[in-house]
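**Q** Got a structure for you, written out below as structure tokens; questions coming shortly.
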Amino acid sequence: MALIGVLLGAMVWGLTVVAVSAAMEQVNVATPGYSLVELPVVIATRNGYFRSERLEIQKVQIEPAVAVKALLAGEVSFSLAWEASVRAAAAGFPIKMVAALVPKPPYVLMSRPEVRSGRDLRGKTLGIDASGSTTDYLSRMAVRYLGIEPGKIEFVELGNGAFRLAALKSGEIHATAFDITSAVKAEQQGMQRLVTIGEIIEYPMLGVAVTTAQLATKREQTTKFVRALLRAARFIKQNRAETIPIMQRHLKVTARESAQTYDWAAPHFTDDGLILDRLVALSVRRAKDDGKSASDSALSQVADWSVIREVMDERRKIPPWLKQYAP
């Protein structure tokens, strides 16, 4: 009888597993690259936040422009590429930004040891990946903050961060902007931190983009996805000791580099997934590249914060004593 009970229990457990598995929604998510900014997805996956929402996530790393095409074709349900998605939405494609995960650019303007201020940078050479890129834009904002008009500096296209770091160390260039992970490595090799760009300018770098069809027909799925990512963002900001080893494995850096990266980067992640209209307008202006202010209709065409507001309203109803058990 005991054996029969065990077998029946195993059968029930097995059927439960099958039922639970069947209830999971398979979701494809396009991410722009293997980097620091996708950390909320990594945390949400690792900590089981997606699974608690009954979502089975398949992360697909593809170029932002390709991600937009995949989103429109229904090959992915969500894209995290902010700029490319905003550009498509502003051009009239049926895409909406529903959350901003990294509202401040996690970039640092680094220089050679002898360049210790903006004044030292005047007349020097600054490396960028490509003209018109996000790195180019952020670099120009940074040098203006330092009191130098971009025309007083020579901008040189050098490609990715590894090439620019080599050029910085050799003296071919005098400064360049890195993401925080690369900036930490550059500092450890003797380079100088001039300005942390996310401390002087707000400019979204990662967000959740969906099609209007997804928002209309799979709103619950969208809400679940956003809720898991916001939970992950809160975890990052509230749990330094637990986040650092996760970052270390994800970024393939040393424990020391991971700790320093965390301390620089944590403030750049979202608190609630919302950003001001002026930041959406800035993104639209950048997308259109015409220097004109975006109209209200353009902003509503690009962003829809209703899902975020619903998620935050739900969270406000949770008793404070329960919030301590989950971010």
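**Q** For Ala162 and Glu114, calculate 0.36 nm times their separation in residues minus their Cα-Cα distance, and state this gained length in nm to one decimal. Show your work: numbers first, answer last.
**A** Details: separation 48, 0.36 × 48 = 17.28 nm, distance 2.08 nm.
15.2 nm is the gain from fully extending Ala162 to Glu114.
**Q** Among Ile201, Ala216, Ala241, whose Cα projects farthest towards the positive end of the dipole of the chain, with charges put on the beta-carbon of Lys, Arg (+1) and Asp, Glu (-1)?
**A** Ala241
**Q** Relative to the first principal axis of the alpha-carbon coordinates of the chain, what is the inclination of helix 306-316, with its axis defined by its Cα atoms, in degrees from 0 to 90 and to the nearest 10?
**A** With rounding to tens, the tilt is 70 degrees.
**Q** What order do you get for Val143, Val226 when you list them from fewest to most C-beta neighbours inside 10 Å? Present the calculation step by step, with values, prior to reporting the outcome.
**A** On the way: Val143 25, Val226 22.
Exposure proxy ranking, most exposed first: Val226, Val143.
**Q** Fewest Cβ neighbours within 10 Å first, please rank Asp313, Asp129 accordingly.
**A** Values: Asp313 9, Asp129 18.
So the residues, fewest neighbours to most, are Asp313, Asp129.
**Q** Could you work out the local net charge near Thr134, counting Lys and Arg as +1, Asp and Glu as -1, over the other residues with Cβ closer than 9 Å to its Cβ? Working shown, then result.
**A** Values: positive: Arg286; negative: Glu83, Asp129, Asp136.
Summing Lys and Arg as +1 and Asp and Glu as -1 gives -2.
**Q** Determine the relative contact order of the chain: mean sequence separation of Cα pairs under 8 Å and six or more apart, normalised by residue count, in whole percent. Intermediate results must be reported in sequence, preceding the final value.
**A** Working: 540 pairs, mean separation 79.4, N = 327.
Reported relative contact order: 24 percent.
**Q** Shifting gears a bit: Pull up all non-local amide H partners of Glu25: gap of 5 or more, or a different chain, and H-to-H distance under 5 Å with H placed in the peptide plane.
**A** For Glu25, the qualifying residues are Leu55, Glu56.
**Q** Using a Debye calculation, one point per C-alpha and no hydration shell, please list log10 I(q)/I(0) for segment 49-131 at q = 0.20, 0.21, 0.26 Å⁻¹ in order.
**A** Debye curve over Cα of segment 49-131, log10 I(q)/I(0) at q = 0.20, 0.21, 0.26 Å⁻¹: -0.99, -1.05, -1.33.
**Q** Ranking Thr125, Thr243, Thr217 by Cβ neighbours within 10 Å, fewest first, what do you get? If you can, show how the numbers build up before the last one.
**A** On the way: Thr125 18, Thr243 22, Thr217 11.
Neighbour counts put them in this order, fewest first: Thr217, Thr125, Thr243.
**Q** Please determine, in degrees from 0 to 90 and to the nearest 10, the orientation of helix 219-238 with respect to the longest principal axis defined by the Cα atoms of the chain, where the helix direction is its Cα long axis.
**A** It is inclined by approximately 60 degrees.
**Q** On alpha-carbon atoms, Rg over Rh for segment 107-199 using Kirkwood Rh? Mind showing how you got there, number by number?
**A** Details: Rg = 11.2 Å, Rh = 12.5 Å.
Expressed as Rg/Rh, it is 0.90.
**Q** Can you give the % of DSSP beta bridges in the chain that are antiparallel, to the nearest 5? Mind dumping the intermediate values first?
**A** On the way: 17 of 33 bridges.
Approximately 50 percent, going by the DSSP bridge assignments.
**Q** Using the eigenvalues of the Cα gyration tensor, what equivalent ellipsoid semi-axes result for the chain when each is taken as the square root of five times the eigenvalue, whole Å, largest first? The partial results should precede the final answer.
**A** On the way: eigenvalues 309, 120, 59 Å².
Output for the chain: semi-axes of 39, 25, 17 Å.
**Q** Rounding to the nearest 10 and keeping the result within 0 to 90°, find how far the Cα-based axis of helix 277-288 lies from the longest principal axis of the chain.
**A** 70
**Q** Once you charge only the Cβ atoms, +1 for Lys and Arg and -1 for Asp and Glu, what is the size of the charge dipole of the chain about its Cα centre, to the nearest 20 debye?
**A** Working: 41 positive and 33 negative charges, 104 e Å.
Charge dipole, the chain, about its Cα centre: 500 debye, nearest 20.
**Q** Considering only DSSP states other than H, G, I, E and B, which trypsin sites (Lys or Arg not before Pro) in segment 248-283 qualify as loop sites with at most 12 other Cβ atoms within 10 Å?
**A** Details: sites: Arg249, Lys252, Arg256, Arg278; in loops: Lys252.
When the trypsin sites (Lys or Arg not before Pro) of segment 248-283 are filtered for loop state and at most 12 Cβ neighbours within 10 Å, Lys252 remain.
**Q** While we're here: Within segment 127-200, which chymotrypsin sites (Phe, Trp or Tyr not before Pro) sit in a loop by DSSP and count at most 11 neighbouring Cβ atoms inside 10 Å? Could the numbers behind the result be given before it?
**A** Details: sites: Tyr137, Tyr145, Phe155, Phe163, Phe178; in loops: none.
Sites meeting the loop and neighbour criteria: none at all.
Since every read-out is calculated from the coordinates, none of them should be taken as a lab result. Just so it is clear, the structure is predicted and the values come from calculations on it, not from any experiment. Backbone-built Cβ (ideal geometry, glycine too); neighbour counts: all protein chains shown.
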